[in-house]
Amino acid sequence: MSLDHLGALVIGCGSGADTWAVWLKSRTLVHAIDINPMAIVNTYATARLGGYHVEAVAGDITNMTLLAQG
């Protein structure tokens, strides 16, 4: 089963550099989460500069809705 359509998840996205690296490698939608709201701001700024789309959430894993497809 291919998981390419599910995207990637970065936990603790910080400056967004990790999301950029993941996107460069996978070229798929990147989901990111961090407990620091400023990390989310930084992650969106990095995505804008890098020319890719990211879905980022401030909080812990309970704040994120993950869709499992079987």
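The values are calculated or read from the model by the stated rules, or taken from the named source; none is laboratory data. What you see is a predicted model, and the numbers here were worked out from it, not measured in a lab. FYI the Cβ positions are ideal-geometry reconstructions off the backbone, even for glycines, and counts take in every protein chain you see. In case anyone asks, the SASA skips ligands and DNA or RNA and just uses the protein heavy atoms, side chains included. Shrake-Rupley method; radii C 1.70, N 1.55, O 1.52, S 1.80 Å.
The table that follows gives values for the structure above.
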| read-out | value |
| --- | --- |
| Among (1) modelled with pLDDT of 90 or more; (2) in contact with a strand residue (DSSP E or B) (Cβ under 7 Å, 6 or more places away or on another chain); (3) among the β-branched types (Val, Ile, Thr), the one test that residue 41 misses | (2) |
| Pairs, first closer than 19 Å to residue 9 by Cβ and open to solvent by less than 90 Å² (accessible area, probe 1.4 Å) in segment 37-53, second assigned to a helix (DSSP H, G or I) and among the hydrophobic types (A, V, I, L, M, F, W, C), C-beta under 6 Å, six or more apart | 46/20; 50/20; 52/23 |
| Total residues in segment 19-30, condition within 16 Å of residue 45 (Cβ to Cβ), touching a residue at least 12 places away in the same chain (Cβ under 8 Å) and surrounded by fewer than 18 Cβ atoms within 10 Å (Cβ to Cβ) | 0 |
